[in-house]
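Trainee: I am attaching a structure below and will ask some questions about it afterwards.
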Amino acid sequence: MQKPPLGTLLGRAFRLRCPRCGMGKLFRSFFRMHERCESCDLKYERAPGYFLGSIYINYGLTAMSTTIAYVMLHFGKNIPNKELMPYLIGFCVIFPTLFYRYARALWISLDSFFDTQEFWSDES
């Protein structure tokens, strides 16, 4: 199997599909992943703690978004901290929960791009 370009892998991640074939769904419910791809039989979690990296993606995007919003609203629009705080705290709780699936999908897609041997060999 030949590795697709990064753009294709990212597209599969945002559609929550298998990075190898693009057909199988990654998730069976909002928080539960399938163990393997139903189409190409790729094992999603390669080792215990494999998806720890997805937490970094989720945290990084949440922190970056919160920081940008704070700077723009506080310094650009002169909104006081007391008014901003409840909204930014709410964002920091809600956004990572909603982005959880996409962070995992991005992690496995980026891993499949950089660690080609495990993902693109015929053995999974």
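Trainee: For the chain, list the cysteines whose Cβ sits under 4.7 Å from no other cysteine Cβ?
Mentor: Taking the Cβ cut-off of 4.7 Å, the unpaired cysteines of the chain are C92.
Trainee: Taking the alpha-carbon distance from K25 and a cut-off under 29 Å, which lysines remain once sequence neighbours fewer than 8 residues away in the same chain are dropped?
Mentor: K3, K43
Trainee: Here's a follow-up. For helix 52-70, report the angle its Cα long axis makes with the longest principal axis of the Cα atoms of the chain; keep it between 0 and 90° and round to the nearest 10°.
Mentor: The helix 52-70 is inclined about 30 degrees to the chain.
Trainee: Next question. So what's the back-of-envelope 222 nm ellipticity for the chain, counting only DSSP H runs of four-plus at -39500 (n - 2.57) apiece and dividing by all residues, rounded to 500?
Mentor: That comes out to -18000 deg cm²/dmol.
Trainee: Okay, next question. So how far, in whole Å, is the C-alpha centre of segment 1-17 from the one of segment 29-45?
Mentor: If you average the Cα positions of each part, the centres end up 15 Å apart.
Trainee: Quick one: net charge of M23's neighbours, Cβ under 14 Å, K/R +1, D/E -1?
Mentor: +4
Trainee: Which value, in debye to the nearest 20, describes the size of the charge dipole of the chain about its Cα centre when Lys and Arg Cβ atoms bear +1, Asp and Glu Cβ atoms bear -1, and nothing else is charged? Could the numbers behind the result be given before it?
Mentor: On the way: 15 positive and 10 negative charges, 85 e Å.
Dipole size: approximately 400 debye.
Trainee: Counting alpha carbon pairs within less than 8 Å and at least 6 residues apart, what relative contact order, in whole percent, applies to the chain?
Mentor: RCO, the chain: 37 percent.
Trainee: Taking 4 °C and 1.567 mPa s as the conditions, I'd like the Stokes-Einstein D for the chain in µm²/s, using the Kirkwood hydrodynamic radius from alpha carbon pairs. Write out the running numbers ahead of the final one.
Mentor: Numbers: Rh = 16.0 Å.
So the translational diffusion coefficient is about 81 µm²/s.
Trainee: Right, here's the next one. Could you tell me which of Y50, L16, M64 has its Cα farthest along the dipole of segment 6-120 towards the positive end, charges placed at Cβ (Lys, Arg +1; Asp, Glu -1), taken about the Cα centre?
Mentor: L16
We did not get these values from a lab; they are worked out from the coordinates using the rules stated. Predicted, not measured: the structure shown is a model, and the values here were computed from it. Cβ coordinates were reconstructed from backbone atoms using ideal geometry, including for glycine residues, and neighbour counts include every protein chain displayed.
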